[in-house]
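The values are calculated or read from the model by the stated rules, or taken from the named source; none is laboratory data. Predicted model only: the values in this text are computed from it and were never measured. Neighbour counts run over all protein chains shown; Cβ positions are idealised from the backbone, glycine included.
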Amino acid sequence: MHLGFWMEEYQSKLEKRHPWRMALPGSHNSGVCFAGSAYRCQDLSVREQLEHGIRYLDLRVTKKLNGVLAVHHNNAVDPGGGHTIEDALIQVREFVDVHFMEIVVVRLCRGDGSTIKDNDAATYKKLADMAERIFEPKLIYPALYHAKADLRTLWNKKQNIILASEFPIAAKTWSIHDIASTWTGAQEGCESMSKKVGKLIPHLEACLRNRAAQPAFTAFDCSVWDMEIMESAKKYVNFPVFSALAEWGANPALRRNMGIFHMDCPDAYDARIPRRLVEFNLLDPVVEEPDRAAGSDPDAGGEVFSRESARALFARHNLDFDACMARPGSGNDAAVFAELVANGISEERARAFLLWHAVHGEHTLRNDHSLDHLAPIVDREMFDEKCAREECEALGLDYDRSMRLFREKGADRAVLAELAEKGMPIKRARAYLAWYQIYGQNKENAPS
């Protein structure tokens, strides 16, 4: 097995797989590989980790006193002054340029201890621009997830970087919340390493058993807090995980639920954990995608509003919910949007509210989800024309014909039916139509 290009090596067995339904070896605090820090989590550089089979990278960024954006772990940075976030992203791009069949998932966020503040818009933009400049045109847009693209489709497009970022690029990045992990909080209250490790394995198994219908990625975090992170990982953590993987992998149901396994020093002991995860993917040539139209995932289509939760949000901002509800869809979208933003509602939420109302304004949706769940989803629903055309193309649909149909009075149901018939989840199809109703003929107000 050649870990540096394992997807290419086994392409005939993997081509029908979806990257979000595969067992992917990953690293925790991937950029913190520099010597001289108690917070060091990796022996190898980002590029070297990729050469050892890692396909998920956890990159956390902080701003140093001199303004340099660096990788960090709890604000511990390279004492030698190197290891900038730009260096890490460039290493990813250089790797995928050589190995275009290797799909790499990058999670880019601030992380605990980062000095970057919530209101530091300039730094957010700088990071978004940097990621776009380095990664395009290799980015796999969220639209391809909704179109259920398999590896062969992605290889043909020569797109092989999935970027889940706290610093979003409209329609091009996934939310960091698309990669869910629950282990961090589960460690609290465990004083000793033995107690943490004793809790880790049952926790991972429970997550595996509960994963089946979840969308996007699930991250099985195999890292444990300790002051001597690397040695503890090698001695006490990775071996029990390796042993447990053998048992879980023998169970087809658990094997098919596997996702990202990220840990400290996954390259230890001849990279045996990455090797085992790769082998599991070869046992199941096709893993069926869950039906994202079935409603099992409350966030899949962005429809997390209810009339009650929307009223509550408006009340907090002293807005008249009923007056705003009466206005979208009547040529006043821009005015409503401006009023919402002026009263303190974020642009993302304001746009998503307009999308929701355009499709469901007269219906009461389930009320068990607050608008606080909205931020991770909005980017997936913020279509632009390029995104919409690509999604139609992936489904074998004629985008221009759909738009002509939609412009005809009452033709939206026909377009909706055609989209659904072609395999687009019904929630996604509704959001697509909502996007066009609001922005398709009024592009100056479209999200950039």
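The residues in the range 70-99 that are aliphatic (A, V, I, L, M), within 22 Å of the chain's Cα centre (by Cα) and either outside the structural domain of HIS28 (by TED's automatic domain parsing) or not in a helix (DSSP H, G or I) (or both) can be counted, and the count is 2. So is LEU108 assigned by TED's automatic domain parsing to the domain that holds TYR56 and part of a strand (DSSP E or B) or not? Spelling it out, LEU108 is indeed assigned by TED's automatic domain parsing to the domain that holds TYR56 and part of a strand (DSSP E or B).
Being buried (at least 20 other Cβ atoms within 10 Å of the Cβ) and either at pLDDT below 95 or not aliphatic (A, V, I, L, M) (or both) is the filter here, so list the residues in the range 92-101 that pass it. Once the filter is applied, which keeps residues that are buried (at least 20 other Cβ atoms within 10 Å of the Cβ) and either at pLDDT below 95 or not aliphatic (A, V, I, L, M) (or both), the range 92-101 yields only PHE95.
Would you pick out the residues in the range 133-151 that are among the charged types (D, E, K, R) and either at pLDDT below 95 or not in a helix (DSSP H, G or I) (or both)? Correct list: GLU136, LYS138, LYS148, ASP150. For residues in the range 241-273 being over 16 Å from SER223 (Cα atoms) and acidic (Asp, Glu), which is modelled with the lowest pLDDT? Among those residues, the one meeting the criterion is ASP270.
Taking first residues from the range 115-134 that are closer than 14 Å to ALA164 by Cα and partners that are surrounded by 14 or more Cβ atoms within 10 Å (Cβ to Cβ) and polar (S, T, N, Q), the Cβ contacts under 7 Å between residues at least 6 apart in sequence or on separate chains come to ALA131/SER165.
On the basis of being in the same structural domain as ALA164 (by TED's automatic domain parsing), over 30 Å from ARG255 (Cα atoms) and in contact (Cβ under 8 Å) with a residue 12 or more places away in the chain, does PRO25 make the cut? Against the criterion (in the same structural domain as ALA164 (by TED's automatic domain parsing), over 30 Å from ARG255 (Cα atoms) and in contact (Cβ under 8 Å) with a residue 12 or more places away in the chain), PRO25 does not qualify. Using the structure shown, decide if ASN119 is within 23 Å of the chain's Cα centre (by Cα) and either surrounded by fewer than 18 Cβ atoms within 10 Å (Cβ to Cβ) or outside the structural domain of TYR269 (by TED's automatic domain parsing) (or both). It is true that ASN119 is within 23 Å of the chain's Cα centre (by Cα) and either surrounded by fewer than 18 Cβ atoms within 10 Å (Cβ to Cβ) or outside the structural domain of TYR269 (by TED's automatic domain parsing) (or both).
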